[in-house]
Amino acid sequence: MHQTLHRIPVKVNPQPYEIVIGAGSIQSIGKELVKAGIRKGIKILVVTNKDVAVPYSDIFLQSLSESGYDPHLLVIEAGEDQKTPESVALIHDAAYTAKLERGSLMIALGGGVVGDMTGFAAATWLRGISIVQVPTTLLAMVDAAIGGKTGVNHTGGKNLIGAFHQPRLVLIDPSTLKTLPEREFRAGMAEVIKYGVIGDSKLFDLLETCKGLNKLSALNDQVLEEIIIHSCSSKANIVALDEHESGLRAILNYGHTFGHVIETLCGYGTWLHGEAVSIGMVTIGELAIQLDSWSKEEANRQKALLKKTGLPTEWPSINGEDVLRSLQGDKKVKGGNICFIMPKRIGEVEIKYDITNDSIRECISRLNYQVQ
């Protein structure tokens, strides 16, 4: 049965858009494009990966055709190690073959990797054509698909090549999570927990009351949708206030500064993004205790919730000097100073640029000692 759709506005200029959430909504993508003001008759390149294409692409393309659009399908590889300029070139090639014009559209149907790469391809094809995000992983639903950050990885660091390119629409169908591997679901929960820590203590409390968080079947449909709505609303509000990450939006990187280091130094694909963020949240939590930013009790609450979700929380024994070198390559470094999102309490963080290298070394040394 098709339920009522929940709509969250993302108030960015010059073109605000909606996040549309509801089970079964993937079947009405065509109608939602019409509602979003996207002209009928245009060519649409749908970019997806094999795991998503098999269960969803037929019904997706049918909905587009029935609403008067001209859809073309491209299936690409979608692991984090595939998030490269070469993969974007494949999307550009498909756009050329399909004869996409400036009034055409790309749709990303898949997880965060597909969304990031397709968004970047759309931002750079014909100097920018429209993109619609249809995320099918929890991580993409609550984070990657919203806000217009697109890009690919460079050997020196994650997402160093990219562009801000807001979507025309984000369509979220929670029922697509049924085909998501449990490990990927847990990775998405890391971003959900992040929203609780950075500004939504009610969400954090809700997660603490759930009996289980380590797999989709542990949550009923209503709670799952509530978690997604909470997370999307948080992201939409922050993006509306700071579209290009010049200030407040940086708080969305809570846990990501150390998380990106772990991904870069351990090799893309060793840890899923959400797993690296989980370890990154514990790490910044330890640094915050060291610097008297928050209490041991709150750090323990965060760690307990991550463990309850089945996420990794142990530091992967990386050399402190390697960590510092990697941190200096982060996108958010200003004047050589590293941007850290420091927790103050559950539901509140602050942006800090004055954390010394010695403080970071001390924290990493202690974490390395703990894993020996």
Checklist entry - What does the charge dipole of the chain about its Cα centre add up to, to the nearest 20 debye, if the Cβ of each Lys and Arg holds +1 and the Cβ of each Asp and Glu holds -1? => result 600 debye
Checklist entry - Separation of region 137-159 and region 294-337 by C-alpha centroid, Å? => result 18 Å
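Among 124-133, 107-116, how do they line up from the highest to the lowest mean number of other beta-carbon atoms within 10 Å?
Averaged packing, sorted descending, gives the order 107-116, 124-133.
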Next on the checklist: Check which residues have an amide H placed less than 5 Å from residue 17's amide H, if you skip close sequence neighbours.
Outcome noted: 10, 12
Checklist entry - Hey, which of these cross-link pairs are over 27 Å Cα-Cα: 43/158; 35/83; 178/235; 211/303; 308/334? => result 43/158; 35/83; 308/334
Checklist entry - Got a sec? How would 266, 339, 232 order by Cβ neighbour count within 10 Å, fewest to most? => result 266, 339, 232
Checklist entry - Hey, fewest Cβ within 10 Å first, where do 277, 20 land in order? => result 20, 277
Checklist entry - According to the Cα gyration tensor, what semi-axes, each the square root of 5 times an eigenvalue, does the equivalent ellipsoid of region 6-179 have, listed from largest to smallest in whole Å? => result 21, 18, 17
Item to check | Cα-centre dipole for region 235-295 with unit charges at Cβ (Lys and Arg positive, Asp and Glu negative), debye to 20 | outcome: 80 debye
Checklist entry - ³J(HN,Hα) across region 74-81 via Karplus (A = 6.51, B = -1.76, C = 1.60, θ = phi - 60°), whole Hz, x for Gly/Pro? => result 10, 9, 10, 6, 10, x, 4, 6
Next on the checklist: For region 34-103, take N as its residue count and report Rg(C-alpha) divided by 2.2 N^0.38 Å.
Outcome noted: 1.19
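If neighbour count is taken as other Cβ atoms inside 10 Å, put 106, 342 in order from fewest to most.
342, 106
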Next on the checklist: If you average the C-alpha positions of region 32-65 and of region 104-121 separately, how far apart do those two centres end up, in angstrom?
Outcome noted: 12 Å
Checklist entry - Between residue 46 and residues 5 or more places away or on another chain, which pairs have amide H atoms under 5 Å apart, with H built 1.01 Å from N, and which residues are they? => result 72, 73, 74, 107
Checklist entry - Setting aside same-chain residues fewer than 8 positions from residue 307, which aspartates and glutamates have a Cα under 20 Å from its Cα? => result 182, 184, 191, 200, 205, 208, 263, 275, 286, 297, 298
Next on the checklist: Check which residues have an amide H placed less than 5 Å from residue 159's amide H, if you skip close sequence neighbours.
Outcome noted: 153, 154
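Based solely on its DSSP helices, what 222 nm [θ] is calculated for the chain when runs of n ≥ 4 H residues each add -39,500 (n - 2.57) and the sum is averaged over all residues, nearest 500 deg cm²/dmol?
-14000 deg cm²/dmol
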Item to check | Net dipole in debye of region 6-179 [+1 Lys, Arg Cβ; -1 Asp, Glu Cβ; about Cα centre; nearest 20] | outcome: 620 debye
Checklist outcome for this item: The answer for trypsin sites (Lys or Arg not before Pro) in region 1-59 that fall in a DSSP coil and have at most 16 neighbouring Cβ atoms within 10 Å is 11, 39, 40
Item to check | Additional length obtainable on full extension of the chain from residue 314 to residue 40, 0.36 nm per residue less Cα span | outcome: 93.5 nm
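Each reported figure results from applying straightforward, stated rules to the coordinates on display, with no laboratory input. It should be emphasised that the depicted structure is a prediction, and the values quoted were computed from it without experimental measurement. Every residue, glycine as well, gets a Cβ built from its backbone with ideal geometry; the counts of neighbours run over all protein chains shown.
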